[in-house]
Amino acid sequence: MASAILPPLLFCLVLLVSPYLGSSSYHTSYTYDGKHYVIRSNRDPRQPKQTPTCQRSSTDGLPVLHRLSPCSPHGAAAARSQETSTASVADVLHRDALRLLSLFGVGDNDNHGAPAPGPSAPGGGVSIPSRGDPIETLPGFTVGFDTLTAGATLLKCTPCAATERCDEAFEPSASSSVRQVPCGTPDCPFHSCSGSPSCTFSMTANNTLLGNVTFLTDTLTLASSTTLDSFRFACLEAGFRPKNNSTGVLDLSWNSHSLASRAPAILGTAAFSYCLPSSPDTVGFLSIGPPKPEVSGRKAIYTPLRTNPGNGNLYVVDLVGLGLGGPDLSVPPAAFAGDTLLDLRTTFTYLRPQAYAALRDGFRGRMSQYPAAPPLGKLDTCYNFTGLHMFMVPVVTLKFDGGADLDLSMDEMMYFPDPDNHFSVACLAFAAAPEHARKVAAVVGNRAQASTEVVYDVRGGKLGFVPYRC
C-alpha cells in the first residue's frame, strides 16, 4: 500500500488547543430546578493531585487531549520545567481576540493591540500561516483539527528553513503515492504560481525567502480499512509552519477537499463528531464517519445545519434564544439575526451586545445575594465565593433553531481563575462580541462545547448535541 501523508501512528492522539481554564476538584455539585449548586467538601484543595493515566486509545474515535494535559508533549514539557498548567484570563482573551480577528478581519480599533492575522496568498483562500492555533500530538507529528478553515489541510513539510527543526516534518519524497497539483488546475487555489509548473506560492521580503506553500495529493490512511486516495493538502515549506509550532491542521470544513467531505458516505453515519475534554485530566475524541447517535442508542438534540452563501466552507446554525434558570430571556429577535458559529479555537462565547446585555443583567439579578468581584478583562460579570460553604448559579441554556436547547454545565458557563478552587472568584464565561465580530449573531466557544459530543450530520443537514459524552 502506498504510504500516506499522515501515518496511522499520527492518529494515536490528537490534542485540543484551548488553554486550561480548569474545574474544581474539591466540591460536590448537582443541578436541580434550573440551578447549579456547589457545596464545599472536606478535601484540602492544596493536596497534590494524582497524575492521570495517559490513555492511548478510544472506542469513540481518535483520543483528544487538552494541550496542557500531562499526557501531551506541551503539558509534559511544562511539567518537567515546573511551569504553570493554567493560562491567565488575559492570555485567553488575547488568544480569543486573535481568533476573532482572523475570522472576521479588523473592522475597528477594538482589537486591544492584537496583531493582524497572517498574510494571505494572492488570489487564493489559503491563509499563511493557518487560521487559529493548531494542536499538538504524539510521536512524530503535531497536528490540530478545525472546522473554520480557509479550505485546506496544512502540513509542515521538507525542505525546512536553516534555523528550523526538521525532524517532525513530512518528507514528500518518502511517499510513493504523492503527486504535485499542477498550477492552473481546479485543485490549485492560487490564481498565479511562483514560477513553477506546480501549485506553489512563495513569499519573499528584501530578496529573502520567507517560505513556500505547495499543494500536493497523497493517499491518506485513517484506519487499516479506510484510505482516501488523492487527498489534497498544503505543504508548508522553507520557513512557513502553522502557529504554535505544530506540524499541521486537519481541515474539517465544508470545503470539498476537507477530510470531512472526503470521508466515506455510509448510510447511518455522520460526517464527523467530536467531544472536547473539559480539563487536562479528561479525554475527548474525534471521530470521522461515526454512526449517528440514534443508531448507537444515544439521544441527540438536533438543529438545522447550513452554509453561508458568502463562504461555502462555513458550518452555520441559528441561535434563536437564551434561557436562564429555565425561563427564556427577553431578547430582541434582531440580536440573533444572522449566522451562529461553533468554534474550536475561541474559548469564551461571544454574543451581540443586546443579547449579552440581557444575559448579563438577568444573571446579575439572580446573583444579587453574592458579593461582586472586579471584572477580568471582557468578563464583566464576576463574583467572589470565598468563605462560602455553598453557592448556586442559574443554568444558562443556548436555544437553537428546531428546539435544540443545550443546558450548559457549571464549568461550561463559568470561568474560575483558580481552577482548583471554586470557592474563590468566578466569572460568567460570556462576553459582548467586539465590533468587527458582530457580522454573526454569536460565536460559541470551546468552553461551552466541552464534554458534549457535537455531531456534524452534513448530508442530513443537521448538527446534533449529545451532552456528557466525555
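Side notes on the structure shown:
- Checking the stated criteria, R364 turns out not to satisfy the condition of being touching an Asp or Glu at 6+ places or on another chain (Cβ under 7 Å) and either over 30 Å from G144 (Cα atoms) or in a loop (DSSP other than H, G, I, E, B) (or both).
Conditions tested, residue by residue: (1) free of Cβ contacts under 8 Å to residues at least 40 places away in the same chain; (2) crowded, with 19+ Cβ neighbours inside 10 Å; (3) farther than 15 Å from T397 by Cα.
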| site | (1), (2), (3) |
| --- | --- |
| S279 | no, yes, yes |
| P291 | yes, no, yes |
| P304 | no, no, yes |
| N313 | no, yes, yes |
| G325 | no, no, no |
| D328 | no, no, no |
| A334 | yes, no, yes |
| G338 | no, no, yes |
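- Contact annotation: residue pairs with Cβ atoms under 7 Å, 6 or more positions apart or on different chains, pairing a residue in segment 162-183 that is on the phi < 0 side of the Ramachandran plot and free of Cβ contacts under 8 Å to residues at least 40 places away in the same chain with a partner that is small (G, A, S) and surrounded by 11 or more Cβ atoms within 10 Å (Cβ to Cβ), are Q180/S198; P182/S198; C183/S196; C183/S198.
- When residues of segment 437-470 are limited to those that are modelled with pLDDT of 95 or more and among the hydroxyl-bearing types (S, T, Y), the one surrounded by the most Cβ atoms within 10 Å (Cβ to Cβ): T452
- Flag for L344 being among the aliphatic types (A, V, I, L, M), buried (at least 20 other Cβ atoms within 10 Å of the Cβ) and modelled with pLDDT under 95: yes
- Within segment 133-149, the residues that satisfy the criterion of being at pLDDT below 80, part of a loop (DSSP other than H, G, I, E, B) and of a type in the set (A, V, I, L, M, F, W, C) are I135, L138, F141.
- Test: residue in segment 162-176 that is open to solvent by 30 Å² or more (accessible area, probe 1.4 Å), closer than 22 Å to T247 by Cα, at pLDDT below 80 and of a type in the set (G, A, S): yes
- Residue in segment 195-202 that is under 15 Å from C157 (Cβ atoms), of a type outside the set (S, T, N, Q) and in contact (Cβ under 8 Å) with a residue 24 or more places away in the chain present: yes
- Qualifying residue in segment 369-376 (condition: free of Cβ contacts under 8 Å to residues at least 12 places away in the same chain, farther than 14 Å from G321 by Cα and not in a strand (DSSP E or B)): yes
- When each of D251, D187, D218 is tested for being within 24 Å of the chain's Cα centre (by Cα) and modelled with pLDDT of 85 or more, the lone residue that passes is D251.
- Exactly one residue among P417, P375, P371, P434 is surrounded by fewer than 20 Cβ atoms within 10 Å (Cβ to Cβ), over 21 Å from F465 (Cβ atoms) and at pLDDT below 95, and that residue is P417.
- The lone exception for P394 - which of (1) farther than 21 Å from H436 by Cα; (2) free of Cβ contacts under 8 Å to residues at least 60 places away in the same chain it fails: (2)
The values are calculated or read from the model by the stated rules, or taken from the named source; none is laboratory data. Just so you know, these numbers come straight off a predicted model, no measurement behind them. For neighbour counting, all protein chains shown are included, and Cβ atoms are generated from backbone atoms with ideal geometry for every residue, glycine included. Only protein heavy atoms, including side chains, enter the accessible area calculation; ligands, DNA and RNA are left aside. Shrake-Rupley method; radii C 1.70, N 1.55, O 1.52, S 1.80 Å.
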